[in-house]
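Here is the structure we will look at.
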């Protein structure tokens, strides 16, 4: 084997920062040492991994192709190092979650995980499905928890648990006393919805196929709590995961609306990069999530 793990670290850091000086700083190396490591790696195999554009080093096609394998190898080496030093401790985790999962499920999961793995640090990033998938794709996150369907040949998408969207309104809204909503009522209503690109909006659009072009959408908001406040103010009706509405229904500040002719069921998913090495921490996180009632 002609390459070293240090050379791979320099390669990955340079790909991330697109700048050799910043890559060297992130690895606590001098710029000359980092430059020598990268140059030696390319020289040993007679290849070029970057296109040099001024001070920027941009991955070329070969660099893009080799990056996932190099990342996976470094992650396995890190896991082995942790196992040797800490007897298979979970180690740090970077988790991404879509807004519904992040706001209503992930914090409890983090607390339980860190209680069971006291030496592990968990970082949570919350964004919509498209953003989480992009970060998994770029190895910026270890694991994603998403609520939208996803098709990406480089990502592994694993079903996690059932969920369902619920149409809802304020108690004083004219539709609150209806036993069920017809398609005509849905088409005539004013809506407060999640933004396009979110998993919730994806499910909503699928459920209301045939009605979408004529819907009166007053607001498209990125945050579930903002949607709930707008609906409580009787600006319109909304549609969110039942997970996000449990407490509001208990308080009576919002009421569910019955729409039997439309299918609002969906799944939550785990996503990982197919080249991602599954550390002990990742496996423990997946197990914990599957145990969640």
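What to note about this one:
- Rounded, prolate or oblate (a/c below 1.5 giving rounded, otherwise prolate when a/b exceeds b/c) for the stretch 15-58 by Cα gyration tensor: oblate
- Cα gyration tensor category, rounded, prolate or oblate, for the stretch 163-265 with a/c compared to 1.5: rounded
- Going by neighbour counts of Cβ atoms within 10 Å, the residues 228, 121 line up, fewest first, as 121, 228.
- Prolate is the label for the chain, because the ratio a/c of its alpha-carbon gyration tensor axes (a ≥ b ≥ c) is 1.5 or higher and a/b is greater than b/c.
- Rounded to 10°, Cα long-axis angle of helix 31-45 versus longest principal axis of the chain: 80
- Net length available on complete extension from residue 6 to residue 290 is 98.6 nm, with 0.36 nm assigned per residue and the Cα-Cα distance removed.
- Cβ-Cβ FRET estimate between residue 32 and residue 108, R0 fixed at 45 Å, reported to 0.05: 0.40
- Applying 1/(1 + (r/R0)^6) with R0 = 22 Å to the Cβ-Cβ distance of residue 278 and residue 137 gives a FRET efficiency near 0.85.
- When 59, 20 are sorted by how many other C-beta atoms sit within 10 angstrom of their C-beta, beginning with the fewest, the order is 59, 20.
- Separation between Cα centres of the stretch 85-146 and the stretch 1-65, rounded to whole Å: 28
- Here residue 65 and residue 125 are evaluated by their C-beta separation; at R0 = 41 Å the FRET efficiency comes out at 0.95.
- Relative contact order (%) - the stretch 163-265, alpha-carbon pairs under 8 angstrom, separation at least six: 49
- Principal-axis analysis of the Cα atoms of the chain puts helix 61-86 at an angle of about 90° to the longest axis.
- Quotient of the Cα radius of gyration of the stretch 87-167 and 2.2 N^0.38 Å, N being its number of residues: 1.15.
- Chain lengthening between residue 16 and residue 162 when straightened (0.36 nm per residue, less Cα-Cα): 49.0 nm
- Taking the longest Cα principal axis of the chain as reference, the axis of helix 280-291 is set at about 10 degrees.
The numbers here are math on the coordinates, done by the rules we state, and not lab data. Treat the numbers as computed from the prediction; the structure is a model and nothing was measured. Using ideal geometry, Cβ is built from the backbone for each residue, glycine included, and neighbour counts are taken over all protein chains shown.
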